[in-house]
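Down below is the structure, laid out as C-alpha cells.
The values are calculated or read from the model by the stated rules, or taken from the named source; none is laboratory data. What you see is a predicted model; the values in this text were computed from it and never measured. Cβ placement follows ideal geometry from the backbone for every residue including glycine, while neighbour counts extend to all protein chains displayed. The accessibility values were calculated without ligands, DNA or RNA, using every heavy atom of the protein model including side chains. Shrake-Rupley method; radii C 1.70, N 1.55, O 1.52, S 1.80 Å.
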Amino acid sequence: MEVDDTRPLFVAIEDHRDDGHILYEIRVTHGVLGDSHVVERRYSEFANLVAHVQGACGLALPLPPKRMFGNKDLKFIHERKEALDNLLQRVIKHPILIHDPEVIRFLDNGNIPADLQAEQHRALQMFFRSTSAWRLTMLIPSTGWRMRKAFCEVQSQGYTSHDTSGVTIMAWTPIGERPHIEPAALNSALKYIAGITHPFIAPAVLGCLHEANGAQNAIVMRPEALKGSLRDVICRLKSNKGTFSSKYTALKAKGLPDKTIRLYGRQILEGLRFLHEKGLPYGHLHTGNVLVINDHLCQLSDVENGVLGINALYDGFVTQQKKINTLERRDVYCFGRVLFEMITGRPLGSSLIDNVNPSSFGSDVLEQLLTPHGIRSLPTVSQLLNDPFFKDIPLGQVDKGSFKMSARVKEALLASKDSAFTAMRTAQASLEQLKRTDEQARDAEKRRKQRERERSRQVKTSSSAAVGGFSATIASPMTSPPSTKPPSPTPQPAPSAPPPPSMDAAPAISPPPAPTPAPPAAGEPRGALLGSISSFSKDGLKKAETNDRSGPDL
C-alpha cells in the first residue's frame, strides 16, 4: 500500500528480527480509517533519514548512538527500539516534515518509484512535444507538499492571447482514481475554470487534460506570484525556490501584522463566496494555495483541484469532524486553519483548539471556527464577512467577477459537487463506524477482563477455604475425635473370699470404701479417662475376709 500524503499517519515499531543484522518492524497506519502496512528498516536507514533531515531541512533529531559490540543484546535492542520509535513520532507529528519525499519513501513499502522525478520529466516532455505554443525552461523540484505533483517554468511561443511577459508556472497534477467529473467533460471544465476572472482568484493562462503513461493529468498554467504563497510570506522567505520541507521545516516563523491578517482574511472570504455562488466545489484552501501578489492583495489558487478527485491537505482533519456536513462548511473550517496560521505563524497540528486565549488577537473568530463548541454551528462565509473583524476593512470597489460555462459543463459541475459531498460524508461515516466498532471491541475486552478477575477471585476464595480446613486438620491432635457418650465408670476388681474368723480376735471393723471417681463429663477429651486410670490407687480398697469352706467337715 502506498503512503497517502494527504492522510495523517500513525507509526509504531512493533517488533524486530535478526537477519544477520537487526531489522525493526514498523507498522504504518494510514489515517484514522485504519489501513496499514508493515515496513522493515535497519538502524543505518534510520541514520540516513536523520542525516537527510538535518542536512536538507536543518532540523536535529535524537538518533540513539551506534554500538559496535553487543548490539544484539535483547536489553540493548529494546532500548534502541524505544528511542527509534520516539524519533519517528517526532517526524510524523511535524506538519511540514511529514510531507518530505524521503520521509514518505522511508515509510512506504516500495510503491513509490525510485526515479519518480525522471518519470515526471518524461511525462512533461511528452506534453511539450504535443504542443508548439509553449516550451519548458526550468523544472522546479518538490516545491509543493504533493509528492506526485510537478512544477516547471514555461515560456510562450507567441501563440496565446494572454499576457505572458512575466514568468509562467505550469502545474502538472495526476488526477484521482475517481474524478468528480467524467473525463469526457473534465477537459472542457478545466478550460472554463481557467477562464474565471475575479479580483481575489488567481487567473490561469491554460487548463487542459493530457494523457501520459496511461494516466490522465491536469495541466494548468498561471503567472508567477512574485511574493510567493501566503506560507512563503508567513515564513519570511526571501526566495520561494526550494523544496517544500527545506523551505518551511526549521524556520521560526511569526504571525503577520494585525491589519494584514484582516485584509487577507476578507479577500480570501470574498473569493470563497464567489466560488460558492457559482457552485464550484473547492476544499483545497491552505496557505500554500493563496498567492500574495503584493502587500495589499492575495488571491486563491488551484481552484480546479475541487473537480479533479484528489485529496486535500486538510481532508484528514475534516473527516474527524462530522459536524462539517456541507462543502461550504468545509471551506469555512479550512479558512479557520489559514487564519490561525496567519495569526500564530505556525500551522495547526491538530483538528481543533481546546481553548482560545480570550485576550489574543482574533480570538472571537477563532472561537467560532476551531473550537469544539464553534464547530457545532460554523458560520457561513457571508456571516463572517459581516463580522466587524473583517467588515471594517475597506476593499474599495470590488469587481463581481465572471465564470462563463456551457450547459454541459454546468451540469458536470453540479454532478461534481454531489460527488465531492458524497465522498466527504462517506469518509466521515466510515470513521464513525470504525469508532463504534473499536468502542464495542474495547467494551468486550473490558467485560472479558472483568470476568477473568471474577473467576480469579472465586478461585482464590475456594483455595483459601481449602487451605484453612487443611490447616485446622493438621493443628488438631492425632487421636480419634472425642466421643459424645460419657465414658463408662472404672471397673472394680471382684473381692476375694474372706479368711476364716479367728476365735480369739474381735471382728475387725473395715474402713469406709473410697469414693468412686466421677466419670468425666460428656464431650471431655479422651485424655481425661486415661488420666483417671493412671491416678487410681489401691489403698482406698477395704480388705476382704475369706471364709474357706472347701475343707471336709470332721
Q: Output the residue which, of all residues in region 209-234 that are hydrophobic (A, V, I, L, M, F, W, C) and open to solvent by 20 Å² or more (accessible area, probe 1.4 Å), is farthest from E182 (Cα to Cα).
A: V233
Q.
Can you tell me which condition E304 does not meet? The list is (1) modelled with pLDDT of 95 or more; (2) more than 25 Å from the chain's Cα centre (by Cα), and all the others hold.
A. (1)
Q: Could you grab me the full set of residues in region 411-450 that are in contact (Cβ under 8 Å) with a residue 24 or more places away in the chain and open to solvent by 70 Å² or more (accessible area, probe 1.4 Å)?
A: L414, F421, R425
Q: Considering (1) of a type in the set (D, E); (2) modelled with pLDDT of 90 or more; (3) open to solvent by 60 Å² or more (accessible area, probe 1.4 Å), say which one E25 fails and leave the rest.
A: (3)
Q: Tell me which residues, restricted to region 105-141, are under 23 Å from G288 (Cβ atoms) and without any contact (Cβ under 8 Å) to a residue 12 or more places away in the chain.
A: R105
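Search region 389-410 for residues being over 29 Å from E182 (Cα atoms) and open to solvent by less than 80 Å² (accessible area, probe 1.4 Å), and hand back the single one that is farthest from the chain's Cα centre (by Cα).
Pass one, region 389-410, residues over 29 Å from E182 (Cα atoms): 389-400.
Going one step further and asking which of them are open to solvent by less than 80 Å² (accessible area, probe 1.4 Å), we end up with 389-390, 393, 395-396, 398.
Numbers: F389: 35, F390: 36, I393: 41, L395: 43, G396: 47, V398: 45 Å.
Residue satisfying both the conditions and the ranking: G396.
Scan region 171-185 and tell me whether some residue there is over 37 Å from the mean Cα position of the chain (by Cα), surrounded by fewer than 21 Cβ atoms within 10 Å (Cβ to Cβ) and within 17 Å of N305 (Cβ to Cβ). So that I can check it myself, show each step before the final result.
Initial filter on region 171-185 (over 37 Å from the mean Cα position of the chain (by Cα)): 184-185.
This time we only want the ones that are surrounded by fewer than 21 Cβ atoms within 10 Å (Cβ to Cβ), so: 184-185.
Right, trim to within 17 Å of N305 (Cβ to Cβ) and you get 185.
The answer is yes; a qualifying residue exists.
Yes or no: L63 assigned to a strand (DSSP E or B), open to solvent by 30 Å² or more (accessible area, probe 1.4 Å) and at negative phi? Let's see the steps before the verdict.
Details: assigned to a strand (DSSP E or B): no; open to solvent by 30 Å² or more (accessible area, probe 1.4 Å): yes; at negative phi: yes.
The answer is no for L63.
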Q. E367: out of contact with any Asp or Glu (no Cβ under 6 Å at 6 or more places or on another chain), among the acidic types (D, E) and open to solvent by 20 Å² or more (accessible area, probe 1.4 Å), yes or no?
A. yes
Q: Only residues that are under 34 Å from the mean Cα position of the chain (by Cα) and either of a type in the set (V, I, T) or open to solvent by less than 40 Å² (accessible area, probe 1.4 Å) (or both): list them for region 105-139, please.
A: F106, L107, D108, I112, P113, L116, Q120
Q. Can you tell me which residues in region 66-104 are open to solvent by less than 60 Å² (accessible area, probe 1.4 Å), free of Cβ contacts under 8 Å to residues at least 24 places away in the same chain and within 23 Å of the chain's Cα centre (by Cα)?
A. A83
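Within region 379-388, restricting attention to residues that are of a type outside the set (D, E) and more than 31 Å from the chain's Cα centre (by Cα), which residue is surrounded by the most Cβ atoms within 10 Å (Cβ to Cβ)? Give the steps one after another, and end with the answer.
Step one: filter region 379-388 for residues of a type outside the set (D, E), giving 379-386, 388.
If we keep only those that are more than 31 Å from the chain's Cα centre (by Cα) as well, we get 381-386, 388.
On the way: V381: 22, S382: 11, Q383: 11, L384: 25, L385: 17, N386: 11, P388: 10.
Among those that are of a type outside the set (D, E) and more than 31 Å from the chain's Cα centre (by Cα), it is L384.
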Q: Please determine, by comparing only the residues of region 349-363 that are in contact with a Leu (Cβ under 7 Å, 6 or more places away or on another chain) and at pLDDT 90 or above, which one is least open to solvent (accessible area, probe 1.4 Å).
A: G362
**Q.** Hits in region 204-249 (condition: closer than 30 Å to N187 by Cβ and among the basic types (K, R))
**A.** R222
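Of the residues R376, R337, only one is open to solvent by less than 60 Å² (accessible area, probe 1.4 Å), without any contact (Cβ under 8 Å) to a residue 60 or more places away in the chain and of a type outside the set (V, I, T); which?
Details: R376 fails: open to solvent by less than 60 Å² (accessible area, probe 1.4 Å).
Step by step, each of R376, R337 is checked, and only R337 is open to solvent by less than 60 Å² (accessible area, probe 1.4 Å), without any contact (Cβ under 8 Å) to a residue 60 or more places away in the chain and of a type outside the set (V, I, T).
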